[in-house]
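Chemist: Let me give you the structure first, and then I'll get to my questions.
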Amino acid sequence: MDFGFDIENSSSPYIQLLKVATLIPISHYLLGFSLIFLTFLYNFLEFHFFQDFFSGFQGQPVLLTFDSCSQLYKEVASKCQILHGRYLATPWLSSPHFQTVFLSFYGRAPSLRYKRELFITPDGGTIALDWAMNQDGMQVNGEIHTDDTEPVVVMVPGLTSDSDAAYVKHFAFKIVKRRWKVVVSNHRGLGGISITSDCFYNGGWTEDIRTVVKHIHQRYPEAPLFVVGTSLGANIVVKYLGEEGANIPISGAAAVCSPYDLLISDRFLNRGVVQKFYDKVLTLGLKDFAQLHQPVLSRLADWDSIMKSRTVRDFDNYATRIVGKFETVDTFYRRCSSSSYVCNVMVPLLCINSVDDPVCTKESIPWDECRTNKNIILSTTEHGGHLAYFEGMDATNLWWVRAVDEFLGILQSSKLMHKPKEVEMSPQISPLKSSIDQSPFLNVVEHGLITAVASEPTDAEVVQNEHAVSNNQVEACAISSSGNEPTTIAEVVHNEYGISSNQDEYTSPDIEMDVHMTDKPNSPDSIVEPLKSDTSSHASVPVMKYLYQLSRHTRKSFWLLAYIALVTSLPFVGSALQYLSRKKLKSVQKR
């Protein structure tokens, strides 16, 4: 069929260009499309390798925001070399997403073990207080330092994180090397502890940190007390400092990668493709947390809707809002945001945030509030990701850990040292009746939760240790006081987590956790020394199962990221294939 149009002899410039295009080898087209795809991926994942390369790998300077008349800056921050230096990310992790994912998957946490104290709150809730120990720090010759004047650092982890998180271990290891005490205050229901009350933690729940601080201050009244929060834990810490004002036993604090404004952060997580990926991952973690405590949460909230949640906002709507008795999700976000409390902070506070944080957007940082508060130093970096801040070619150090450690060390020896005040302590309230509180025995059950085994023995009973302690058995002992009357019965559960890795000194070989429980959470003499024994095989099985579930979800996150990268590249691949197919068809027609 002749349409009256001769392609071969046509003088149209487009036809001539098409003829010239057919003379270019296919390999050159593939190379061109590859460069376009890599350029798109470079910008999509926010790489900054070339920026670091052309700057001679010197890094970007740290931006400090503070009041011009701030004594905190003159006495402390001005002496911090790290805050006045530059931050250079690990070259092969020159992307905030790579840094954040690498921290979640690997982290390269140093070898660290904890001694656990089960702290019972006045409302019957259970909080796991993990005291860090290391041979170069708190633990020397098998003894625990009991110097009442040693500084104590309380760390509050982020959303669904506990003392086993890599960034928590990095920080705790650094503080322990300073020969300070450091305790990780795990949120309710985390750290392998079951929920024992109808109260759940949330982004604005400050009662637990308030109670823990009073408890530790009563135990060490002469020791300087510092509080460090990370991610959502940082929002809790800043809100707590703003609520208390000057009437607080805290000498100093630090907030790392805080979201500050939860409403803005929620909008940010639903904005772009990459942010929606993080939203999915956080939702999976929240749903796993909910499944661990289904008996309690299904009674208090809409369980079916919780399991159908696809975003963090959905989970907060069907669970957090209902348990916390908030009218709407936005009401919950507004009331729990720490940005409204920044102006009321009355103790030295260091805030660290990354501008390229893929979880906590820079839009929520209260720049003006920090600039007008003489007690706050805001430190922002151009890169760093979320809680990552890896530095060095081997990526074994976190920049923010060194910065906070230096800040607290200089603050502790400065003139601005906030002397611990005598905080009025409420009388010891007997916790609500619970299976854990009434039972002398603890057992690690499915998903790694700790529950009671039996409730028949009372506080007056003493369980005698009739079996020798072996390397393959965990034994429970009755701890008696120096008097004739026995004390509360407690069992020590000694868990060993075997984690294999090919790293050197910064891997986590055997992380031992010594667990004990007391019935008087506010008593300074309630800590029971751990027993030296290995984990029995039946106790390690649920723990390993819990770790397997976590690794399974991290693998899901990895494949989800790969899926997003594939979907975003389909338009380019489809266009290339369509062009090549047309070219091949034309060549066949010519023949």
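Chemist: May I ask for the net charge around Phe268, where only other residues with Cβ less than 10 Å from the Cβ of Phe268 are counted and Lys, Arg are +1 while Asp, Glu are -1?
Modeler: Summing Lys/Arg as +1 and Asp/Glu as -1 gives -2.
Chemist: Let me ask you something else. Per q in 0.22 Å⁻¹, report the Debye log10 I(q)/I(0) for the range 50-134, using one uniform scatterer on each alpha carbon and no solvent.
Modeler: -1.00
Chemist: Moving to a separate point now. What ranking do 148-154, 316-322 get when scored by the average of other Cβ atoms within 10 Å per residue, highest first?
Modeler: 316-322, 148-154
Chemist: Further question: Ranking request for peptides 11-24, 182-195, 261-274: highest mean number of other beta-carbon atoms within 10 Å first, then the rest in descending order.
Modeler: Packing order, densest peptide first, comes out as 182-195, 261-274, 11-24.
Chemist: Peptides 159-165, 42-48: what's the order by average Cβ count within 10 Å, highest mean first?
Modeler: Highest-to-lowest ranking by the protection proxy: 159-165, 42-48.
FYI, it's all coordinate maths here, none of it is from the lab. What you are looking at is a predicted structure, and each value in this text was computed from that prediction instead of being measured. Positions of Cβ are backbone-derived with ideal geometry, glycine not excepted, and every protein chain shown enters the neighbour counts.
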